[in-house]
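I have placed the structure first, in the form of structure tokens, so that the comments after it can refer back to it.
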Amino acid sequence: MSDSRPVALITGAGTGIGRAAALELARRGYRLALVGRRAEHLHKTGAATGGAQGADWVAIPADVGVQAQVCAMVARTVEAFGRLDALVNNAGYA
């Protein structure tokens with residue numbers, strides 16, 4: 001049976017506003033693709049959601065300033081969860 005819970009991709013999910021958004025969306029039942037440049041921060045955010053890695057969240061280290069990595073993070077989200085319902089475009093790019 002497939003999981004019908006919605007999926008959100010959150011950039012800048014390792015700290016600050018992105019982390020807060022991830023925690024709130026997890027509380028509301030979303031499965032999460034946590035994106036950021038530092039994998040260790042993403043894993044801390046995922047662990048703080050209380051969900052199981054792989055089932056409820058996935059860490060995707062990526063730089064939103066690199067187009068190929070942006071395409072890959074979307075593909076990885078769909079590969080992990082079979083869908084993408086929401087985007088929190090929080091990461092900065094300069």
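Taking the inverse of the mean 1/r over every pair of distinct Cα atoms in region 55-94 gives a Kirkwood hydrodynamic radius of 11.0 Å.
Comparing A48, A59, A13 in a Gaussian network model of the chain where C-alpha atoms under 10 Å apart are linked, the largest mean-square fluctuation is found at A48.
Counting only Cβ charges, +1 for Lys and Arg and -1 for Asp and Glu, the dipole size of the chain around its Cα centre is about 140 debye. Rolling a 1.4 Å probe over the protein heavy atoms of the chain, with every protein chain left in place, gives an accessible area that is 52 percent carbon and sulfur. Which net charge results when you count Lys and Arg as +1 and Asp and Glu as -1 among the other residues whose beta-carbon is under 13 Å from that of D63? My count for the surroundings of D63 gives +2.
Our analysis of the chain gives Rg over Rh at 0.93, with the two radii drawn from alpha carbon positions and Rh computed by the Kirkwood formula. Within the listed set V66, V35, V74, the residue fluctuating most in the Gaussian network model of the chain (springs between alpha-carbon atoms under 10 angstrom) is V66.
The values are calculated or read from the model by the stated rules, or taken from the named source; none is laboratory data. Bear in mind the structure is a predicted one, so any value in this text is a computation, not a measurement. Backbone-built Cβ (ideal geometry, glycine too); neighbour counts: all protein chains shown. Only protein heavy atoms, including side chains, enter the accessible area calculation; ligands, DNA and RNA are left aside. Shrake-Rupley method; radii C 1.70, N 1.55, O 1.52, S 1.80 Å.
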